[in-house]
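Below: the structure, in C-alpha cells.
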C-alpha cells in the first residue's frame, strides 16, 4: 500500500453495501478511513447487523434509529459534531430525466 499526500487532496469511499468494507481481508484497511472524512451522508443501511453498522461508521444508536427504515431520499448528514436529517429532492428537470421509479 503506497501512501501519498497532496495539498488539498480528498479521499472518497462509496459503496451501496457496507458489507463490502467489512470483509475480513480488507476490514483492517477500511475501518480507519471512516474516521477521517469530515462529511458523511448515511442512507438506509439495508439488512445489516445494527451493531456492525454502528461500530464501523461510529454511529450512535439514536442516529441509527433515524435511518433504519427505508425512506426514499432521506439521509443522515454528519459534519463534525453537527447532525442533520436531510430529505434529498431532485430538481424538476432531473425528475423528468429519471422518472419516479425511485431506483426500483
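Computed from the coordinates by the stated procedures, all read-outs in this text should not be read as laboratory data. No experiment lies behind these values; they were computed from the predicted model shown. FYI the Cβ positions are ideal-geometry reconstructions off the backbone, even for glycines, and counts take in every protein chain you see.
Things to note:
- Scanning the range 66-78 for residues being loosely packed, with under 12 Cβ neighbours inside 10 Å and either farther than 18 Å from residue 16 by Cβ or in contact with a strand residue (DSSP E or B) (Cβ under 7 Å, 6 or more places away or on another chain) (or both) gives a total of 1.
- The number of residues in the range 13-37 that are within 12 Å of the chain's Cα centre (by Cα) and within 21 Å of residue 82 (Cβ to Cβ) comes to 3.
Yes/no per residue for (1) over 30 Å from residue 94 (Cα atoms); (2) assigned to a helix (DSSP H, G or I):
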| position | (1), (2) |
| --- | --- |
| 25 | yes, no |
| 28 | yes, yes |
| 32 | yes, yes |
| 37 | no, no |
| 41 | no, no |
| 46 | no, no |
| 55 | yes, yes |
| 63 | no, yes |
| 72 | no, no |
